[in-house]
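A quick write-up on the structure given underneath.
The values are calculated or read from the model by the stated rules, or taken from the named source; none is laboratory data. None of these values were measured; they are calculated from a predicted model. Neighbour counts run over all protein chains shown; Cβ positions are idealised from the backbone, glycine included. Calculation scope for accessible area: heavy atoms of the full protein, side chains included, ligands and nucleic acids excluded. Shrake-Rupley method; radii C 1.70, N 1.55, O 1.52, S 1.80 Å.
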Amino acid sequence: MLISDGGTADTSLTSQKAFAILGNEYRAEIIRTLGDEQGTEGPRPVLSFSELYSKSGVDIGTSQFNYHLQKLVGPFIDKTEDGYRLRYRAVTLYRTILAGTYTREAYIEDFKVGVDCYYCDAPIEARYADRRFTILCSECGQEYSDTTAPPSIDEGDHDALLNRMDQYIRHRILAFSKGVCSICANELRTQFLIGDDLAVPGSEQLDVFVHRSCDHCGAQQYMSVGLSLLYNSSLIAFFQERDLDVTTTPTWELEFAMTDRFVDIRSSDPWKIALCVEQGGDELELVVDGDLTVLD
Ligand SMILES: [Zn+2]
Ligand SMILES: [Zn+2]
C-alpha cells in the first residue's frame, strides 16, 4: 500500500523551487500559524482565509497575504471547501523548525556518562556541539558514538538526556542494521571496510567497520560488527536469558558493541566474520557473510 500525503494535485518541485517558495517570512508565518493551531492532538485543522489572516498577525494587507498564501497552496497547503490545511510535508517542516534544528543553539557542558574507556580506563564523556552528540573518551579521544541531533535535546538532567539519546540513536541503528536508511527509507549498500585501509580520522579505532550508505540521500554510517548485530534475535535472547537486556542497556556500556575484541575475521573473500560474545560463563558465536546475513 502506498501512503499518500493527502493531496491530489501534481505538486512536484525542484529543491531550488521549494526553498525559494519557503524563503519568505510571511509564508513561514502562515505555516507556523496552521501548525500551532493543531497543537499536539487531533486532526490537521482547517482555517478559513479570515481566521488564518487574523491568527497570523502579520503586518500586510489581505491581498498581499493572499498572494503569499497562494504560493504555498499546492506544494505545502491544501485548499479545501472550508479553508486551508497544512499538507504533511509542511507538518514535517513545521516540527523540524520547532525542534530548533535551524534556529536554536543548545549549550550542554561535557559530562561523564559513568563508564570508563575500554582502551585507557579514563572516563567516557558526552559532548554536544554543532548538532553532533558524541560519546568519547576524555583522555585518548576514542569515539564510541556520534550522531546528529536537534538542539531540543537539551532538556532535563544528564541521566534523562543519556537515556533519551540512547533510544534516539537506537532507532537509527536499528534501521541501518536492517539495511534501511533511517532518513529516506531506501535500501542501503553494505560493505565491510578494514580500519587500516581507511584513510579517515578514527579509522584506527576498529579492525573492521560495517559501512552502510544510501545512494538516495547520501546518508552513511560506520559501525562495529557488534553494534550492527545488536538487534539479532539470538543475541538479544542469549543476553536476556543471562539477565542483561541489550535493548535498554546504553550501547556505550556494551563492550562487544564498542570494541572489536569479540570479532574475528575468518575470511575476506568471501567475507566471513565471527562475533563471539560472553555472558555468565557462556558463549554465543554468530558468523555473518558480506551482507551481514547470519550464517551460523
Ligand atoms: Zn581512552
Ligand atoms: Zn537515505
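Test of the criteria: in the stretch 123-217, which trypsin sites (Lys or Arg not before Pro) are in a DSSP loop and have at most 13 other Cβ atoms within 10 angstrom of their Cβ?
Values: sites: Arg127, Arg131, Arg132, Arg164, Arg170, Arg172, Lys178, Arg189, Arg212; in loops: Arg131, Lys178.
Answer in residue order: Lys178.
Helix 62-72 sits at what angle to the longest principal axis of the chain, using alpha carbons and giving 0 to 90 degrees rounded to 10?
The angle comes out near 30 degrees.
What distance in nm separates the simple spin-label points at Glu255 and Thr40, each placed 7 Å from Cα in the Cβ direction?
My value for the distance between the label points is 4.1 nm.
Only helical DSSP H runs with n ≥ 4 go in: add -39500 (n - 2.57) per run for the chain, normalise by residue count and round the 222 nm mean residue ellipticity to 500 deg cm²/dmol. Walk me through the numbers before you get to the answer.
Working: 9 runs with 88 residues, N = 296.
Computed ellipticity for the chain at 222 nm equals -8500 deg cm²/dmol.
Each residue of the stretch 230-246 in order: what ³J(HN,Hα) in whole Hz does its phi give by Karplus 6.51 cos²θ - 1.76 cosθ + 1.60, θ = phi - 60°, with x for Gly and Pro?
Coupling constants for the stretch 230-246: 4, 9, 5, 5, 5, 5, 4, 5, 4, 6, 4, 5, 10, 6, 10, 8, 6 Hz.
Using a 1.4 Å probe over the heavy atoms of the protein chains, calculate the carbon and sulfur portion of the accessible area of the stretch 69-220 as a whole percent.
Whole-percent figure for carbon plus sulfur exposure: 47.
Compute the semi-axes of the equivalent ellipsoid of the chain, taking the square root of 5 times each eigenvalue of the Cα gyration tensor, and list them largest first in whole Å. Kindly include the intermediate steps, with their values, before the conclusion.
Numbers: eigenvalues 409, 96, 62 Å².
Semi-axes (√(5λ), whole Å): 45, 22, 18.
Along the stretch 182-197, what does the Karplus equation 6.51 cos²θ - 1.76 cosθ + 1.60 (θ = phi - 60°) give for ³J(HN,Hα), rounded to whole Hz, x for Gly and Pro?
Running phi through 6.51 cos²θ - 1.76 cosθ + 1.60 with θ = phi - 60° gives 6, 9, 10, 6, 9, 6, 9, 8, 10, 8, 8, 10, 6, x, 5, 8 Hz.
Read phi for every residue in the stretch 93-104 and hand back ³J(HN,Hα) as whole Hz from Karplus 6.51 cos²θ - 1.76 cosθ + 1.60, θ = phi - 60°, with x for Gly and Pro.
Working through the residues one at a time gives 4, 4, 5, 5, 5, 5, 5, x, 3, 9, 10, 8 Hz.
Distance in nm between label sites at Asp269 and Asp197, each 7 Å beyond Cα in the beta-carbon direction?
About 1.0 nm, to one decimal.
Students often check this: by mean Cβ neighbours within 10 Å, which of 267-279, 102-114 ranks highest, and how do the rest follow?
Details: 267-279: 14.8, 102-114: 12.7.
Highest to lowest by the protection proxy: 267-279, 102-114.
Under the 0.36 nm per residue contour assumption, what length would be gained going from the current alpha-carbon distance of Thr148 and Tyr107 to full extension?
On the way: separation 41, 0.36 × 41 = 14.76 nm, distance 1.48 nm.
Once the chain is fully extended between Thr148 and Tyr107, it gains 13.3 nm.
Test of understanding: what is the full-extension gain from Glu285 to Ser182, defined as 0.36 nm times their sequence separation minus their Cα-Cα distance?
Working: separation 103, 0.36 × 103 = 37.08 nm, distance 2.80 nm.
Difference between extended and current length: 34.3 nm.
Need one value: the accessible area of Glu255 in square angstrom, 1.4 angstrom probe, rounded to the nearest 10.
Looks like 60 Å² after rounding.
Test of understanding: in a Gaussian network model of the chain with alpha carbons linked when under 10 Å, which of Gln191, Gln142, Gln16 would top the mean-square fluctuation ranking?
Most flexible of the set in this elastic network: Gln16.
Which of the peptides 152-162, 227-237 is most tightly packed, and how do the rest follow, judged by the mean count of other Cβ atoms within 10 Å per residue?
Going from most to least packed, we get 227-237, 152-162.
Give me the number: length gained by fully extending Ile60 to Thr14, i.e. 0.36 nm times residue separation minus the C-alpha to C-alpha distance, one decimal in nm. Let's see the in-between values first.
On the way: separation 46, 0.36 × 46 = 16.56 nm, distance 2.85 nm.
Full extension from Ile60 to Thr14 adds 13.7 nm.
Which peptide among 286-296, 215-225 comes first, and what is the full order, when sorted by highest mean count of other Cβ atoms within 10 Å? Show your work: numbers first, answer last.
On the way: 286-296: 14.4, 215-225: 17.3.
Taking the mean over residues of other Cβ atoms within 10 Å, the ranking is 215-225, 286-296.
Over the alpha carbons of the stretch 52-159, what is the largest minus smallest coordinate on each principal axis, giving the biggest first in Å?
Largest first, the stretch 52-159 extends 66, 24, 20 Å along its Cα principal axes.
Given the C-alpha atoms of the stretch 15-98, compute the convex hull and give its volume per residue in Å³. Working shown, then result.
On the way: hull volume 7.7 nm³, N = 84.
Residue-normalised Cα hull volume stands at 92 Å³.
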